[in-house]
Amino acid sequence: MKALIVNLQDCEERRDAIKKQMEALRSIDYEFIDAVDGRKMNTQELNQLFNLKRFKSLYFREARPGEVGCTMSHQRCFQAIIDQNLPYALLLEDDAVLGDVNRIIHSIHTVQNWLDKQELPTVILFSSWFWHCEDVINIDDIRIVKVFDAFFTYAYVINRKAVLLMKEERPFVTADDWFYWRKKGIQILGVTPFVINHPTDESVESTISGASSKRTTVNQMLYRITHFKRLFIRKWLERKGILYMPTWHPAALLRDENKKIDFIKDLKQVIKRYNEICQ
């Protein structure tokens, strides 16, 4: 499997850092894709590449130049996959932090073998910022799980069928709007245990998006809350071995008594699962 790494040409330090990490993965070929720096563009130039009006109608705010650059950088990766006729590829951003080399190689080979048998457009997240609700397959110690929600785009595998759906001439969503991509018919999965991390300190700023990780996460969470009706309600989620059951907030029950029916059903499921675990 080939890796495509998004990197700004003038960010030599990050290029050298990720290159050193990739050289440890001796069996993985890789190529750098020149990132788009939206921060150096004016509004007219940004709008030629990215539909700013549609973005605002969907997210209820103005798009940041860095967000546009990030999205267009990943679009360049999609084009490279099409041009090179790759069946799939690992997409990385240059601030990705690779974990245990042997585990990464094992995970990549496992995913590659599984994708060879897949007919559906598929994205498999190798990041640690996702929540999942059920297993799709369990091979040895690698689990491929169905993703409930996720943030960031610093590490994921994508097959060609998904690329053909995600490649857009003038996109209007952020690169990691996994809700949008799922609505286009792409199955969003993830790999556990997590093998590729990301710097999450407030002082660390993405050279592509131009925003710190924590600030970006808060903005994305607000968007998710605004579009809460799009979430999977009344399904078990699992993160790091802990089970969660999303349900209605007490304030919502006070505003709408009809939601109490769903809440009671959720509560019964929680009690049932608790009793099963305690047996």
### Message
If I filter segment 190-212 for residues that are assigned to a helix (DSSP H, G or I), more than 24 Å from residue 107 (Cα to Cα) and modelled with pLDDT of 55 or more, do I get at least one hit?
### Response
no
### Message
Among the residues in segment 161-183, are any in the same structural domain as residue 52 (by TED's automatic domain parsing) and in contact with a Leu (Cβ under 6 Å, 6 or more places away or on another chain)?
### Response
no
### Task
For segment 147-160, state whether one or more residues are at pLDDT 90 or above and surrounded by fewer than 21 Cβ atoms within 10 Å (Cβ to Cβ).
yes
### For residue 81: the one exception among (1) closer than 21 Å to residue 198 by Cβ; (2) surrounded by 18 or more Cβ atoms within 10 Å (Cβ to Cβ); (3) hydrophobic (A, V, I, L, M, F, W, C)
(1)
### Summary
All-but-one check, residue 180 against (1) of a type outside the set (D, E, K, R); (2) surrounded by 12 or more Cβ atoms within 10 Å (Cβ to Cβ); (3) at pLDDT below 70, failing number (3)
### Query
Of these, 186, 158, which one is among the β-branched types (Val, Ile, Thr), within 22 Å of residue 85 (Cα to Cα) and more than 12 Å from the chain's Cα centre (by Cα)?
186
### Matching option when the condition is in contact with a Phe, Trp or Tyr (Cβ under 8 Å, 6 or more places away or on another chain), exposed (fewer than 14 other Cβ atoms within 10 Å of the Cβ) and of a type in the set (Asp, Glu), among 119, 134, 169
134
### Message
Of everything in segment 168-192, what is touching a strand residue (DSSP E or B) at 6+ places or on another chain (Cβ under 6 Å) and within 19 Å of residue 64 (Cα to Cα)? Give them in sequence order.
### Response
178
#### Entry: In segment 96-129, the residues that are at pLDDT below 95, touching a helix residue (DSSP H, G or I) at 6+ places or on another chain (Cβ under 6 Å) and outside any strand (DSSP E or B)
101
### Task
Please identify the pairs in which a residue from segment 4-28 that is buried (at least 17 other Cβ atoms within 10 Å of the Cβ) has its Cβ atom under 8 Å from the Cβ atom of a residue that is of a type in the set (Ser, Thr, Tyr) and assigned to a helix (DSSP H, G or I), counting only partners at least 6 apart or on another chain.
6/73
### Message
Going through 179, 172 one at a time, which residue ends up being part of a helix (DSSP H, G or I) and farther than 27 Å from residue 103 by Cβ?
### Response
179
### Task
Keeping to segment 33-63, report how many residues are of a type outside the set (S, T, N, Q), outside any helix (DSSP H, G or I) and crowded, with 17+ Cβ neighbours inside 10 Å.
7
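Quick check on segment 89-96. Is at least one of its residues surrounded by fewer than 15 Cβ atoms within 10 Å (Cβ to Cβ) and within 20 Å of the chain's Cα centre (by Cα)? Quick ask: steps written out before the conclusion?
Quick first cut of segment 89-96, residues surrounded by fewer than 15 Cβ atoms within 10 Å (Cβ to Cβ) only: none.
Checked segment 89-96: no residue is surrounded by fewer than 15 Cβ atoms within 10 Å (Cβ to Cβ) and within 20 Å of the chain's Cα centre (by Cα).
The values are calculated or read from the model by the stated rules, or taken from the named source; none is laboratory data. Values in this document were obtained by computation on a predicted structure and should not be read as measured data. When we count neighbours, we look across all protein chains shown, and the Cβ atoms used for this are built from the backbone with ideal geometry, even at glycine.
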